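The values are calculated or read from the model by the stated rules, or taken from the named source; none is laboratory data. In this text the structure is predicted, and so the values were computed from the model without any measurement. All Cβ positions, glycine included, derive from the backbone under ideal geometry; neighbour counts span all protein chains shown. For the accessible areas, the whole protein counts, side chains as well, though only heavy atoms, and no ligand, DNA or RNA atoms are used. Shrake-Rupley method; radii C 1.70, N 1.55, O 1.52, S 1.80 Å.
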Amino acid sequence: MDLVCPSCQDQPLAVAGRTMRCEVCDGAWINEETLVALLEERTNSLVTLPWSERLGDKQMPCAACKAPMLTVNLGDVALDRCAQHGVWFDAHELVSLLKQSKRFKTEADAEVTEPPHEHHGLLGVFARLFRR
Ligand SMILES: [Zn+2]
Ligand SMILES: [Zn+2]
């Protein structure tokens, strides 16, 4: 299937590594599995993508199916997304997303749960002092 630049509209996209690039506007098209794989390689960790919907922006047509894409944010990067086919990054947005890839580490992986220790610290000492 030929992919067409969602931004320039009549410009075909060309393979560039694991992305498809528009030579005119330098935007990049990437499917979601590839995007997750790229982020996981950078963080050495599982990642989840916390899409948040961005309202009010002009919708661009999907590079593959031409249906209007959702305007979304990932971190502070603004993107356009077709849930079936992939994600569109304007020029440099992919680079800035990759720079903040650590943000998308899966929580369970990043956080070590500590037992609550309020009763073992100073408060616990006072509690014992006053408990006679
Ligand atoms: Zn373009
Ligand atoms: Zn699509």
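For Cys65, state whether it is open to solvent by less than 60 Å² (accessible area, probe 1.4 Å) and either within 12 Å of ligand 1 (Cβ to nearest atom) or part of a strand (DSSP E or B) (or both).
Details: open to solvent by less than 60 Å² (accessible area, probe 1.4 Å): yes; either within 12 Å of ligand 1 (Cβ to nearest atom) or part of a strand (DSSP E or B) (or both): no.
No; evaluated as a whole, the condition is false for this residue.
Out of Leu79, Leu70, which single residue is within 26 Å of Lys105 (Cα to Cα), open to solvent by less than 20 Å² (accessible area, probe 1.4 Å) and of a type outside the set (S, T, N, Q)? I'd like the intermediate steps shown before the answer.
Numbers: Leu70 fails: open to solvent by less than 20 Å² (accessible area, probe 1.4 Å).
Answer to the check: Leu79.
If I go through the stretch 13-33 residue by residue, how many of them are open to solvent by 30 Å² or more (accessible area, probe 1.4 Å) and within 16 Å of ligand 2 (Cβ to nearest atom)?
4
Would you tally the residues in the stretch 82-107 being open to solvent by 70 Å² or more (accessible area, probe 1.4 Å) and either in contact with a His (Cβ under 7 Å, 6 or more places away or on another chain) or assigned to a helix (DSSP H, G or I) (or both)?
Total satisfying the criteria: 5.
Working only within the stretch 16-37, note down all residues that are outside any helix (DSSP H, G or I) and farther than 17 Å from Ala64 by Cβ. Lay out the reasoning, then the answer.
Quick first cut of the stretch 16-37, residues outside any helix (DSSP H, G or I) only: 16-31.
Listed by number, the residues that qualify are Gly17, Glu23, Val24, Cys25, Asp26.
Against the definition (touching a helix residue (DSSP H, G or I) at 6+ places or on another chain (Cβ under 9 Å) and crowded, with 18+ Cβ neighbours inside 10 Å), how does Val47 come out, yes or no? Before the answer, list the steps.
Details: touching a helix residue (DSSP H, G or I) at 6+ places or on another chain (Cβ under 9 Å): yes; crowded, with 18+ Cβ neighbours inside 10 Å: yes.
Yes; evaluated as a whole, the condition is true for this residue.
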